[in-house]
Amino acid sequence: MSQQTNPLGKQQEYYRKRYLRNLPTAFCTGCGNGSILGSFVRAVDALIVEKKLRKRDILCVSGIGCSAWIPSPYFKGDTLHTTHGRAIAFATGAKIMNPKLNVVVFTGDGDGAAIGGNHLIHAARRNIPMTVFLVNNMIYGMTGGQSAPTTPLHVRSTTYQRHPEPPFDLCRLALGAGASYVARWTTFHVDDIIASMKEALLHPGFAFVEIISQCPTYAARFFNEYKDALTPKEQEQFQRSPGAWMLKALKGKRTGKELDHPRYELTLKDRTIELGVFIREERITLTETLQALWK
Amino acid sequence: MRPGVYFVDGGIACAEGALYAGCRFFAGYPITPATSIVEWMAERLPQEQGYYVQMEDEIASMAAIIGASWAGGKAMTATSGPGFSLMQENLGYAYLTETPLVVVDAQRSGPSTGQATMPGQQDVMQARYGTHGDIAPIAFAPWSVQEMFDFTVHAFNYSEQFRTPVLVMADGEVSYMREPLQIPKQGALPITNRRSLTSKHPRTGEIFLRYEMPKFGDGHDLLVTGSAHRPTGVRDYSPRYHRATIHWLFEKQKEAGKALHQEGLDVESRHLDHAEAVIVSFGAAARPSYQAVLAARKTGESIGFVRLKTLWPFPEEQLARLFKDLKRIFVVEMNMGMMVREIERVGCEAQVIGIPKVGGEIHRSSEILQQIRG
Ligand SMILES: Cc1ncc(C[n+]2csc(CCOP(=O)(O)OP(=O)(O)O)c2C)c(N)n1
Ligand code: SF4
Ligand SMILES: [Mg+2]
């Protein structure tokens, strides 16, 4: 660990001490998961400092995949690292049994949208108060680069020469299913992610935040068009860290608005992906309706 | 329900047993013949300030009760064959994470959808070996409406005492049949409650998770994972840690077996004195079996009766003792012959003869008599 030479060393030390377990990271160099964890502890810290959240009330639940390792074991708080695809269902039981818990699910695109897609739509429909951070790296990272339901059409994965299916728009799915807070960002937009995480953690209902992320180990080739557009100097510079130019590709184009209109637009393989907050609404929640049955 | 005698079906008895034991969370998905448990829990739990949640499937139901258990509640689900199959992966998670909870399987005649509404006992090996990996389950087999109540209470107690899932392997017959049920006064049956956290590592102060069951929200920074882990919960695939974990699960099952024996919850035997032969059975199949024993004894045959109250841990030692001087052992079960293999392993010198029956019908005692005389 080289935090001594890092200009952010002091700040990192602050978060590390308070919110992280002192364990070596398992993520590949340049992976988006580390910065998502960093954003999460910053959002949590801000809310704790603002006295809007207690750390002991946070429960992080995750499934199986690289993204599931973001909280477990790194987040120094209660964590429940479950089975592939089922994190939201585990989280549902914990939240209902103890509504005081602030339940946060970390899931991947395979975990949350393929094997666990059914739990996602039902949790959204129930409007159970919890936050789902779905890390969409457009690939199955942990198992070695196989196609996911989010993989762009016609790219190469380790299961297909030319991926034959169109990808899911997960925010539309969550909206359609009834989620009352829905947002999408990429790992490039760290400040927006932190702001959105803070909102989502306090949102009184089901909050879904999709974070498009980079998997430099298996998904770099999805961004080849961006790589080709780099200057020779950049090409050389980024040779050894595909994560860096992938991040650049995730920057997108600013459109300036949110709600109804996206804040940014990202073009990837002829597809335009809108980034921003799509809905922010207060609706009756499952924990309320269940307790109403007591009377 | 208040203490007293009621004429109800086994499903209601089971649900009332759960409430008596302190269950406050039920997640389920409707399936015959477990629906009467599900519906009764749905009606009764809100009256007890508890939660019934109808999940999107049995995978989610199993997941939700694990989450609820770690959030501090006594939790349960009930299902039948197809749902029990769907629960297996998360059930394995509950074994590895040592999560106290209760699963009721009102077995029906399979495989697949099979004879959806009709009873069977074909999941007994699924209870033992259903999930991947090595597990060491505790599974009760009630044979009456009263035992649907009692065994559900015991199941909760054992799950809390040994921090493990406990199965109630009922069947379509005992969960739908109506009989008198005596609900005891609060306190008449002992209730084991969760042990709070006491043990910390002497040097590091880290929490060890053994029989004490901590819960979320108490500031313990719990690390719960279905991956191989150290006693502190930190993921670690080293052979020595995982080996120790698996050995520990089996050790606990052994301890539970001893406790079950001491409480008389392992096997029940009747008319074994001077018996030459015995009928062994469990659950609903034990009912006609016992009738057959009584009928045979009337005509002077020296035959006894042994009933398994717990299927797992298999009460090997106890059975070996009971079977010592027998010549023939008949095993009556509603499947193609599953527990008979276990009996063979402890059958001593005796000849072990299976009396299997499939097709969704309980044995008739005359059928059993014919077989033991044939
Ligand atoms: C039931 C089950 N099926 C398959 C697997 C293997 N598996 C582990 S992680 C994974 C994919 C994870 O992909 P994703 O959710 O996108 O997470 P990422 O690693 O990309 O962050 C799969 C298929 C498993 N653990 N369990
Ligand atoms: S495989 Fe991909 S997602 Fe997984 S840690 Fe490496 S870069 Fe990250
Ligand atoms: Mg992925």
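The values are calculated or read from the model by the stated rules, or taken from the named source; none is laboratory data. Worth saying up front: this structure is predicted, and the values here are computed from it rather than measured. With ideal geometry, Cβ positions are generated from the backbone for all residues, glycine too; neighbour counts draw on all protein chains shown. Note: accessible area is taken over every heavy atom of the protein model, side chains too, but ligands, DNA and RNA are not part of it. Shrake-Rupley method; radii C 1.70, N 1.55, O 1.52, S 1.80 Å.
Taking B:358, B:280 and ordering them by how much accessible surface each has at a 1.4 Å probe, largest first, produces B:358, B:280. Working from Cα pairs under 8 Å separated by at least six residues, relative contact order for chain A is 16 percent. Checking the cross-link pairs B:252/B:327; B:298/B:327; A:52/A:100; B:252/B:309; A:10/A:95 against a 24 Å limit on the alpha carbon distance flags B:252/B:327; A:10/A:95 as lying beyond it. Put simply, the amide H of residue A:136, placed in the peptide plane, has neighbours under 5 Å in A:211, A:212, A:213, leaving out anything fewer than 5 places away on its chain. A Förster radius of 51 Å, combined with the Cβ-Cβ distance separating residue B:179 from residue A:233, puts the computed FRET efficiency at roughly 0.05. Other protein chain C-beta atoms within 10 Å of residue C-beta, averaged over B:65-77: 6.
Taking a Cβ cut-off of under 14 Å around residue B:39, the surrounding Lys, Arg, Asp and Glu residues balance to a net charge of -2, with basic ones at +1 and acidic ones at -1. Pop the C-beta distance of residue A:265 and residue B:218 into the FRET formula with R0 = 45 Å and round what comes out to the nearest 0.05. That pair, residue A:265 with residue B:218, gives E of 0.50. Across chain B, the relative contact order, built from alpha-carbon pairs under 8 Å that are at least six residues apart, equals 17 percent. Rolling a 1.4 Å probe over the protein heavy atoms leaves residue B:270 with an accessible area of roughly 70 Å².
Volume of the convex hull of the stretch B:269-373 (Cα atoms only), normalised per residue: 85 Å³. Tell me which lysines have Cα within less than 16 Å of residue A:253's Cα, excluding those fewer than 8 residues away on the same chain? Leaving aside lysines fewer than 8 places away in the same chain, those within reach of residue A:253 are A:269. Annotation for the A:B interface, with buried accessible surface near 3200 Å², both sides summed [1.4 Å probe; non-protein components not counted]. Across chain A, counting alpha-carbon atoms alone, Rg and Dmax equal 18.6, 70 Å.
Rounded to two decimals, the Cα-based Rg/Rh of the stretch B:52-193, with Kirkwood Rh, is 0.95. Listed by chain and number, the aspartates and glutamates whose C-alpha is less than 20 Å from the C-alpha of residue A:227, apart from same-chain residues fewer than 8 away, are A:236, A:265, A:270. In degrees from 0 to 90, rounded to the nearest 10, what is the angle of the helix A:190-202 Cα long axis to the longest principal axis of chain A? The angle comes out near 10 degrees. Note on B:53-62: average number of Cβ atoms from other chains within 10 Å of each residue's Cβ is 6. The distance linking the stretch B:36-99 with the stretch B:147-169 is 14 Å (Cα centroid to Cα centroid, whole angstrom).
The order of A:119, B:229 by accessible area, most exposed first and with a 1.4 Å probe, is B:229, A:119. Summarising the amide proton neighbourhood of residue B:164: residues at separation of 5 or more, or on other chains, whose placed amide H is nearer than 5 Å comprise B:101.
Taking A:150, A:158 and ordering them by how much accessible surface each has at a 1.4 Å probe, largest first, produces A:158, A:150.
To the nearest ten degrees, helix A:117-126 and the longest principal axis of the Cα atoms of chain A are 40 degrees apart.
To the nearest 0.05, how large is the calculated FRET efficiency for residue A:224 and residue B:234 if R₀ is 60 Å and r is the Cβ-Cβ distance? Calculated transfer efficiency: 0.95.
By accessible area, using a 1.4 Å probe on protein heavy atoms only, the protein assembly as shown has 51% of its surface on carbon and sulfur. Long hydrophobic helices in chain B: the complete DSSP H runs spanning 20 Å or more by Cα along their own axis with mean Kyte-Doolittle hydropathy of at least 0.0 are B:81-96. Counting only protein heavy atoms and using a 1.4 Å probe, the accessible area of residue B:20 comes to about 20 Å². Inter-chain Cβ neighbour count for B:221-229, averaged per residue, equals 6 (cutoff 10 Å, partner chain atoms only). Helical content alone sets the calculated 222 nm signal of chain A at -9500 deg cm²/dmol, taking -39,500 (n - 2.57) per DSSP H segment of four or more residues and averaging over every residue. For the peptides A:20-32, A:121-133, residues were scored by their other Cβ atoms within 10 Å and the scores averaged per peptide; the highest-first order is A:121-133, A:20-32. Here residue A:264 sits with roughly 30 square angstrom of accessible surface, probe radius 1.4 Å. The relative contact order of the stretch A:85-241, computed from alpha carbon pairs under 8 Å that lie at least 6 residues apart in sequence, is 23 percent. The spacing between the stretch A:210-254 and the stretch B:257-309, judged by their C-alpha centroids, is 72 Å. The residues of the protein assembly as shown present an accessible area of 40 Å² per residue when probed at 1.4 Å with all protein chains retained.
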